[in-house]
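Trainee: Would you mind keeping the following structure in view while I ask a few things?
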Amino acid sequence: MNRRWFVTAGLAAMATPVLGHAGETSFKFGLTPVFLSNDLELLRHLRSYLESRLGGAVELVSRRTYQEITALLVSGQIHAAWICGYPYVQYKADLDLVATPSWHGKPLYQSYLITTQGRDVGDWTRLHGDIHAFSDPDSNSGFLVTRALLAENRMLPDQFFSRNFFTYGHRNVIRAVASGLAQSGSVDGYVWEVMKEIEPSLVNRTMIVRKSEWLGFPPIASAKSLASDSRIAALRDALVSMSGDREGRKVLEMLRLDGFLVTPPALFDTIAAKVETVRQFG
């Protein structure tokens, strides 16, 4: 939410000590650039809600890349994090699902291939030779889906696009395409749709070329090594019951989400299949 609303320069600069040191009581919740923008009001409401439900201090930890947050999560240096389905699949043996957001009634979203508004593009193959913006190398919607699509057609990104680069934020992908810095981009469909509501002047300078199939929405996960921490169960309860709390509803309203659901790991099997497609192609 740049997955989307949760990233600030101050948070990005925070150092994260190893959990379990004497006297350490705060619950560390990681946030990736999967969100929409650095909205301080949202951060305040989110922290307030989680602290009220977990019964103690909550520290929101953000980094520039998915890889950095995933490393902290897998190693147990943060308790839980809102990550992407791609790193969840990659580190499934080390992670437990806590909850998955529900958007328009389902824990699903799509990846969009976008280009500049008004461009004469019949289908995604017409993007051949473009300068293309990806979000993050560990993003499902912002990289893996397009990478797998090309692999299915026996191509690599460097072969299909004249040049490609990472923006490290879905909003940045939209901005790159809207400004002409990139001719096309791979972006989280949820982010594109929400940004269309809150920043139409930007998003309306782009258009959708292709929508992927429905995929498991970026989940909240925790390290298996912290499964015995009672606050993980409290976090799950807090997320699932968020729509029944005034502060929680404020957070959901700002995120344009219905709520959170407990979902099985199988929800992410389609993403795992894309990982395998890329692996087999090489």
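Trainee: List, in order, the whole-Hz ³J(HN,Hα) value for each residue of region 250-263 obtained from phi through the Karplus relation with A = 6.51, B = -1.76, C = 1.60 and θ = phi - 60°; use x for Gly and Pro.
Mentor: 5, 4, 4, 4, 5, 8, 6, 10, 7, x, 10, 10, 7, 10
Trainee: How big is the shadow of the Cα convex hull of region 26-185, averaged over all directions, in nm²?
Mentor: 11.1
Trainee: What order do you get for 270-281, 250-261, 71-82 when each peptide is scored by the mean count of other beta carbon atoms within 10 Å, highest first?
Mentor: Details: 270-281: 16.0, 250-261: 18.7, 71-82: 21.9.
Listed from highest to lowest mean packing, they are 71-82, 250-261, 270-281.
Trainee: At 25 °C and a viscosity of 0.890 mPa s, what translational diffusion coefficient does Stokes-Einstein give for region 78-157, taking Rh as the Kirkwood radius over Cα pairs? Give it in µm²/s as a whole number.
Mentor: Values: Rh = 15.0 Å.
The calculation lands on 163 µm²/s.
Trainee: Something else about it: Show log10 I(q)/I(0) for the chain at q = 0.10, 0.17 Å⁻¹, two decimals, from a solvent-free Debye sum over equal Cα scatterers.
Mentor: Values, matching the q order: -0.49, -1.36.
Trainee: While we're looking at this one, here's another question. With N residues in region 131-267, what two-decimal value do you get for its Cα radius of gyration over 2.2 N^0.38 Å?
Mentor: Dividing the Cα radius of gyration by 2.2 N^0.38 Å gives 1.25.
Trainee: Rounded to the nearest 0.05, what FRET efficiency is calculated for Arg64 and Arg126 with R0 set to 25 Å and r the Cβ-Cβ distance?
Mentor: The pair Arg64/Arg126 has a calculated efficiency of 0.15.
Trainee: Follow-up. Give me the Debye-computed log₁₀ of I(q)/I(0) at q = 0.11, 0.16, 0.20 Å⁻¹ for region 43-125, equal point scatterers on Cα only, no solvent, two decimals.
Mentor: At q = 0.11, 0.16, 0.20 Å⁻¹ the computed log10 ratios are -0.48, -0.84, -1.09.
Trainee: Quick check on region 203-263: take the gyration tensor over C-alpha atoms, sort the square-rooted eigenvalues as a ≥ b ≥ c, and tell me if it's rounded (a/c under 1.5), prolate or oblate.
Mentor: Here region 203-263 falls in the oblate category.
Trainee: Efficiency by 1/(1 + (r/R0)^6): what FRET value for Ile208 and Asp158, r their Cβ-Cβ distance, R0 = 22 Å, to the nearest 0.05?
Mentor: 0.35
Trainee: Taking amide hydrogens as modeled 1.01 Å from N in the peptide plane, which residues meet the under 5 Å criterion relative to Leu261, leaving out close sequence neighbours?
Mentor: Under 5 Å from the amide H of Leu261 lie the amide H atoms of Thr100, Ser102, each far enough along the sequence or on another chain.
Trainee: Kindly list the residues of region 81-99 that lie in the label zone of Asp245, defined by a backbone N under 15 Å from the point 7 Å along the Cα-to-C-beta vector.
Mentor: In region 81-99, the label zone of Asp245 (backbone N under 15 Å from the point 7 Å along Cα→Cβ) covers 99.
Trainee: For region 111-212, treating each Cα as an identical point scatterer without solvent, what Debye log10 I(q)/I(0) comes out at q = 0.17, 0.18, 0.22 1/Å?
Mentor: Scattering profile of region 111-212, log10 relative to I(0): -0.64, -0.72, -1.12.
Trainee: Antiparallel DSSP bridges in the chain: what percent, to the nearest 5?
Mentor: Rounded to the nearest five, the antiparallel share is 60 percent.
Laboratory data are not the source of any read-out in this text; all were calculated from the coordinates shown. From a predicted model like this one, the values you see are computed outputs, not experimental measurements. Please note: Cβ atoms are built from the backbone with ideal geometry, for glycine as well, and neighbour counts cover all protein chains shown.
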